[in-house]
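J.: One structure follows; several queries about it will come next.
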Amino acid sequence: MFKYLLFTLFLFLSAVYYSFNFTPTDSHTLFLSISTFLFATFSGFFIARQGRRYNAIRNQIAVFDGMMSSLYRNFEYFGSKHTDSIKKIIKAHYTKIIKNKAWDYHFVNKSSTIIDINKLNRAIDRNKASIAEAAVIRENLRIARDLQIARKKMVVLYQERIPHFQWFLIAFLAFILLLTVSLIPSQAQLTSSILKGAFGTCVILVIVLLRQFDTLHFFEDVVGEHSAQDILGILLGKK
């Protein structure tokens, strides 16, 4: 759907530039150069910053999911009853992510996953545990602690959004850039109209991509859904 909207926008801008003539000024080329430089500089900086933020969240998700997988394997030491219990907790956690197609579901909604894991850890009778089982219990407690730390890091990264003032700056520079591009003569000139339409579409596309990076929806499936499906595959014995 998105690519069709971009193509429609490209055709619309090209048709407008081909059909109408905007009055150029003596200094419009200077404004075009300045606005292009500033827009490229600021948008590139913000995209790079949000890209690092995305990578940090992706790494934390990998750590979180890896610990959940280890937790499931560890509970196999304590018999089918505890294994089924941890499987139920983990399955409920990732099913919500896949069902809602939102890797951040447990950030924006109330979640009891880590609380349920701690309750399950406390339910194990440590007095009857063997030396190996006692070591696994300590490992599970460490994992539960690290899960909480990883979640807090993801929450902080999730909330690290572009401020409104910076959005205003990007939008203002984009407006100036589109305006100065429109002043380039192109009426009844097919090639010039197409190039101007493509340039204007790219400017808008940069803003859209920056917005998707900011909301962490640019790589939605890659960030969370594939990893969640991998964990469910482990629970089902497929992996």
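J.: Checking a compactness column here: for segment 44-133, what do you get for Rg(Cα) / (2.2 N^0.38 Å), N being the number of residues?
T.: 1.39
J.: What order do you get for 105-114, 45-54 when each peptide is scored by the mean count of other beta carbon atoms within 10 Å, highest first?
T.: Averaged packing, sorted descending, gives the order 45-54, 105-114.
J.: Let me ask another. Taking K and R as +1 and D and E as -1, what net charge do the other residues with C-beta under 12 Å from the C-beta of Ile86 add up to?
T.: In short, +3.
J.: On a 1.4 Å probe surface of the protein chains, which of Glu76, Glu139 comes out largest in accessible area, and what is the full order?
T.: Greatest to least solvent exposure: Glu76, Glu139.
J.: So which of Lys128/Lys153; Lys96/Lys128; Lys119/Lys153; Lys81/Lys153 end up more than 30 Å apart, counting from Cα to Cα?
T.: In this structure, Lys128/Lys153; Lys96/Lys128; Lys81/Lys153 lie more than 30 Å apart at Cα.
J.: Also, I was wondering about something else. Taking the Cβ of Ala123 as the center, what net charge do the other residues with Cβ under 11 Å away carry, scoring Lys and Arg +1 and Asp and Glu -1?
T.: Charge balance near Ala123 sits at +2.
J.: Let me ask something additional. If I model a spin label at Arg142 and Asn118 as a point 7 Å from the Cα along the Cα→Cβ vector, what separation in nanometres do I get?
T.: 2.0
J.: Using each residue's phi in segment 227-232, evaluate 6.51 cos²θ - 1.76 cosθ + 1.60 at θ = phi - 60° and report the 3J(HN,Hα) Karplus result to the nearest Hz, with x for Gly and Pro.
T.: Running phi through 6.51 cos²θ - 1.76 cosθ + 1.60 with θ = phi - 60° gives 5, 5, 5, 5, 5, 5 Hz.
J.: Can you give the net charge of the other residues whose Cβ lies under 14 Å from the Cβ of Ala134, counting K and R as +1 and D and E as -1?
T.: +1
The values are calculated or read from the model by the stated rules, or taken from the named source; none is laboratory data. Just so it is clear, the structure is predicted and the values come from calculations on it, not from any experiment. Reconstructed Cβ throughout: ideal geometry from the backbone, glycine too, with neighbour counts over all protein chains shown. Each accessible area value is taken on the protein alone, full model and side chains, heavy atoms only, with ligands, DNA and RNA left out. Shrake-Rupley method; radii C 1.70, N 1.55, O 1.52, S 1.80 Å.
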